[in-house]
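What follows is one structure encoded as structure tokens, with my remarks underneath.
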Amino acid sequence: MKRIHYYIICAFSAICGFSSCSDFLEIKPQNEIILEDFWNEKADVEAVIAGCYAAMQEEAVIKRMMVWGEFRSDNIGPGSNVQSDGSLEKLLKENIDAKNNYTTWKDFYNIINRCNTVIKYAPGVSAADPSYTESELQANIAEMVALRSLSYFYLIRAFRDVPFSRVAYIDDSQTMDLPATKFDNVLDSLIDDLESVQNYAVKRYPITKELYQTGRITQDAIRALLCELYLWKKDYENCVRYADLVIDSKKAIYEENRQKRTSSSSSNDDNLDRYNGFPLVGDSKSSNTYGNSYTTLFGSDRSYTDLVNQEIIFQLVFDDSPQANNMPANGAVNSFYGNSQSTTGLVAPSDYIYAQIEATGQERKVFADRNKKLDSRIYTNCFYRNGSSDKAIRKYSSSSTTIDASSGTLEASYSIYRQNQNGSNWVIYRLTDIMLLKAEALTQMMREGSDTEADYNKSLLDRAFVLVNAVNKRALCQNQTQLADTLLRSNYSSKADMETLVLQERQRELMFEGKRWFDLVRLSQRNGNTQVLAAAALQKATTGAGLISNHLAKMDAIYWPYNLDEMKVNTNLVQNPAFGSGEDQSYEKTTKK
């Protein structure tokens, strides 16, 4: 009799109100479930779906989202006690080999197999359980296809070519050592899969299930993923199309929320006008006090669920007080970004980022000081006080940030999560991310030359600038009812100028969210060279700049090597040629015999 091994974690069920796993776990041992005894009713499907989300919530998974998407970039440098994690210390120096712990991918394939298992067995449950309707079945399948696609998307951005399968592996007799499928083929498969299920996904959950709105896959989440997948495919028209669907959906939520607001909060009603027609959460907490958008979107104050739903599209949800409520904490952030007991985590903002904060004039390329209207993201991303030398990442590690300008000098205060009690949600997609992806796509649709050469180019530049300017304007520490543009459209009159602006704004807005390295990889794929990526990585190099420059000149080197243990188990894998055989750092390409 076939047996399937599940490692169902019920914590996410308790957080989001999913159906309880307890009955199921009491019937059979937690790690051995007989197939014929399990897939019988709707609750069984819901239990495994809960396990899929819980698996994605695991510390090892979120750590790899952070490491693969960000840590090789110019944003990240070593923090306190980084030597305690040898693999992390090496990768921050671009000294990566196939034995590095962060080259393991088993946790992502675990999620993929859980999703494949639901897709395989849920139709049979629908046939056996009348309470499990066809529409619920299709919505669950769409949800699982999306989580599977998201997992594969992380894998191909990190490793390029990866083993790809839609088959559920449920016993040891099945062949699992698949050769790697090419990046473009996996990308096309993910797009095809999501296109086929998007219309079946839940559009919006009932108001009684508030955390489901952003904590589970919805139609908006699938369309956000399709938006980015099409951008990587260089299908810019479809990228823009899906971005618009997401933006329009968020505008509809904003309008619904506006109708519900009381007169005491009517000052928020003109946010669409303030931010170029986009429903962004205002940053002003009160007169001369800023940081509201951070606390609403990333912090522990979750009383503004309607505002969160305006911007957050999909996130991994953690409890506000994990220890008190016996829930898992966000251990990845606690370890990497720090806590109140260890202000600086294993990583910190790079010296380059801190130098940019302190720089003036033309040297200040990241957080530009335009007419002394400072960018609030200096403070919400990093620990920064005038005259302070403490280097720490504050995004996600703080439950709230307040920026006080009442004295004329900006001063930030932070409420930092205690050790092992980080309750921050990990955001996968939010509205400003999609807006900037759309701006990037619009820029790539341009023809070479300045906007004066053709109305076609000028229109695209105008549309891209409006998006970037809205995101940038929200972050300025100035009176939110009298916002003044500090970016000038006239300064961005060519495709190259706008491309640089979009990349810089994504760095400012999404810093420490696991996006920066992936942005640079996408740019390298598009340009066919690594010049911008290598230059960015070298910004933080203190030693070995020549070796790093030579290494990152190779397109192969911007991806990760397959882990040595995976190479031993799966003889069909052919190592990334930038990492030789995987047992040393030679550049000799290996081929399969």
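Observations
- Check on GLU94, surrounded by fewer than 21 Cβ atoms within 10 Å (Cβ to Cβ) and touching an Asp or Glu at 6+ places or on another chain (Cβ under 9 Å): no
- All positions within the range 359-415 that are among the basic types (Lys, Arg), at pLDDT 75 or above and either within 20 Å of VAL471 (Cβ to Cβ) or open to solvent by less than 20 Å² (accessible area, probe 1.4 Å) (or both): ARG377, ARG394, LYS395
- Cβ-Cβ distances below 7 Å connect the following pairs, each with a first residue in the range 335-351 that is more than 12 Å from SER397 (Cα to Cα), a second residue that is basic (Lys, Arg) and part of a loop (DSSP other than H, G, I, E, B), and a separation of six or more residues or different chains: PRO349/LYS391; SER350/LYS540; ASP351/LYS540.
- Here PHE153 fits the description: at pLDDT 95 or above, aromatic (Phe, Trp, Tyr), under 21 Å from the mean Cα position of the chain (by Cα) and surrounded by fewer than 22 Cβ atoms within 10 Å (Cβ to Cβ).
- Top-ranked residue in the range 522-545 [being more than 30 Å from ASP283 (Cβ to Cβ) and among the aliphatic types (A, V, I, L, M); ranked as surrounded by the most Cβ atoms within 10 Å (Cβ to Cβ)]: LEU533
- Residue in the range 498-506 that is closer than 20 Å to ILE403 by Cβ and either in contact with a Pro (Cβ under 7 Å, 6 or more places away or on another chain) or of a type outside the set (Gly, Ala, Ser) (or both) present: yes
- The set of residues in the range 66-79 that are in contact with a strand residue (DSSP E or B) (Cβ under 8 Å, 6 or more places away or on another chain) and among the polar types (S, T, N, Q) contains only ASN75.
- In the range 546-575, residue surrounded by the fewest Cβ atoms within 10 Å (Cβ to Cβ) [restricted to those that are free of Cβ contacts under 8 Å to residues at least 60 places away in the same chain and polar (S, T, N, Q)]: ASN550
- Conditions (1) touching a residue at least 40 places away in the same chain (Cβ under 8 Å); (2) of a type in the set (Lys, Arg); (3) part of a helix (DSSP H, G or I); (4) more than 23 Å from TYR429 (Cα to Cα): number failed by ARG506: (4)
- The set of residues in the range 509-567 that are modelled with pLDDT of 95 or more, under 15 Å from ILE76 (Cβ atoms) and basic (Lys, Arg) comprises LYS515, ARG516.
- Residue ID - modelled with the lowest pLDDT, chosen from residues in the range 438-461 that are open to solvent by 10 Å² or more (accessible area, probe 1.4 Å) and in a helix (DSSP H, G or I): ASP455
- The range 111-133, residues that are out of contact with any helix residue (DSSP H, G or I) (no Cβ under 6 Å at 6 or more places or on another chain) and open to solvent by 10 Å² or more (accessible area, probe 1.4 Å): ASN113, LYS120, TYR121, PRO123, GLY124, ALA127, ALA128, PRO130, THR133
- Looking across the range 215-271, just one residue is acidic (Asp, Glu), more than 18 Å from THR305 (Cα to Cα) and modelled with pLDDT under 95, and that is ASP270.
- Checked across the range 138-147, the condition of being free of Cβ contacts under 8 Å to residues at least 60 places away in the same chain and within 19 Å of the chain's Cα centre (by Cα) holds for at least one residue.
- When the range 69-86 is filtered for residues that are hydrophobic (A, V, I, L, M, F, W, C) and surrounded by fewer than 24 Cβ atoms within 10 Å (Cβ to Cβ), the ones remaining, listed by number, are PHE71, VAL82.
- Hey, ALA201 touching a residue at least 24 places away in the same chain (Cβ under 8 Å) and under 18 Å from ASN570 (Cα atoms) or not: no
- For the condition over 14 Å from ILE434 (Cβ atoms) and exposed (fewer than 13 other Cβ atoms within 10 Å of the Cβ), LYS260 qualifies.
The values are calculated or read from the model by the stated rules, or taken from the named source; none is laboratory data. Keep in mind it's a predicted model, so treat the numbers as computed, not measured. Reconstructed Cβ throughout: ideal geometry from the backbone, glycine too, with neighbour counts over all protein chains shown. In case anyone asks, the SASA skips ligands and DNA or RNA and just uses the protein heavy atoms, side chains included. Shrake-Rupley method; radii C 1.70, N 1.55, O 1.52, S 1.80 Å.
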